[in-house]
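The structure appears right after this line, and notes come after that.
The values are calculated or read from the model by the stated rules, or taken from the named source; none is laboratory data. Everything numeric in this text was worked out from a predicted model, so none of it was measured. With ideal geometry, Cβ positions are generated from the backbone for all residues, glycine too; neighbour counts draw on all protein chains shown.
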Amino acid sequence: MIDQLFGSKTRVKLLQLFYSNPNRSFYVREITRKIDEQINSVRRELANLLTIGIIISRNDNNKLFYEVNKKFEYNRALSEIFSKSPTANMSGVDSDGSSSDHGNIFKGIGNVELAFYTGQFTNDEISGIDLMIVGDVNKNKLDKFILELEAQENKDIRYVVMDLDEYKYRNQVKDKFISDVITAKKQILIDKNGILINE
């Protein structure tokens with residue numbers, strides 16, 4: 001039914017991809033791999049979404065990246081339709097503090113209080129990392145998760161793991177790394193107790 005309403009299966013898949021990852025930038029070949037559609041169809045629909053103003057693009061290192069245009073007047077409405085969970089808010093986090101996409105995965109690696117993408121995922125290198133995880137994790141399960149994520153994304157992932165006490169302490173003393181991480185553009189995957197949201 002949504003395909004009929006929006007006129008194209010590829011367009012619907014694109015909208016689902018963008019609104020499930022509202023702070024993330026994608027390039028064309030990455031998009032075609034993720035939504036499993038032909039590149040010509042993807043290019044055509046990206047051009048349509050750009051013309052309407054739903055997404056924006058920018059050139060970085062000779063690659064054209066696309067992401068959600070948060071200033072689009074119907075951004076909130078489209079987010080409610082296309083993000084993977086009906087309870088997801090504009091930060092991409094469900095009411096229980098987890099992203100619909102990754103909450104369950106992180107539950108499998110330990111007690112993760114906070115996790116988010118930045119760096120390569122959001123096209124923002126302020127922090128120098130791609131994934132931040134705060135909590136008590138099982139190292140073997142984490143290593144397996146990172147290997148699977150690197151295979152899925154087809155790139156090396158720079159990540160940092162620390163326990164909640166260390167994170168809070170470093171934040172309290174205005175540690176430069178933590179300050180950069182907080183300032184960086186990010187896609188929150190889990191924020192159980194509103195650690196980031198309340199900062």
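Entry remark, the range 132-142: residues being surrounded by fewer than 16 Cβ atoms within 10 Å (Cβ to Cβ) and under 20 Å from the mean Cα position of the chain (by Cα) number 0 in total. The residue list 143, 136, 130, 124 contains one member that is modelled with pLDDT of 90 or more and in contact with a Lys or Arg (Cβ under 7 Å, 6 or more places away or on another chain), which is 130. Kindly indicate whether any position in the range 40-59 is over 19 Å from residue 13 (Cα atoms) and at pLDDT below 90. Yes, the conditions are met somewhere in the range 40-59. Considering the range 151-170, the residues that are part of a helix (DSSP H, G or I) and modelled with pLDDT under 90 include one that is farthest from residue 22 (Cα to Cα), namely 151.
Does the range 178-194 contain at least one residue that is part of a loop (DSSP other than H, G, I, E, B), out of contact with any Ser or Thr (no Cβ under 9 Å at 6 or more places or on another chain) and among the small types (Gly, Ala, Ser)? The answer is yes; a qualifying residue exists.
Any idea which residue in the range 71-84 is modelled with the highest pLDDT, counting only those that are assigned to a loop (DSSP other than H, G, I, E, B) and touching a helix residue (DSSP H, G or I) at 6+ places or on another chain (Cβ under 9 Å)? Going through the qualifying residues, I end up with 72.
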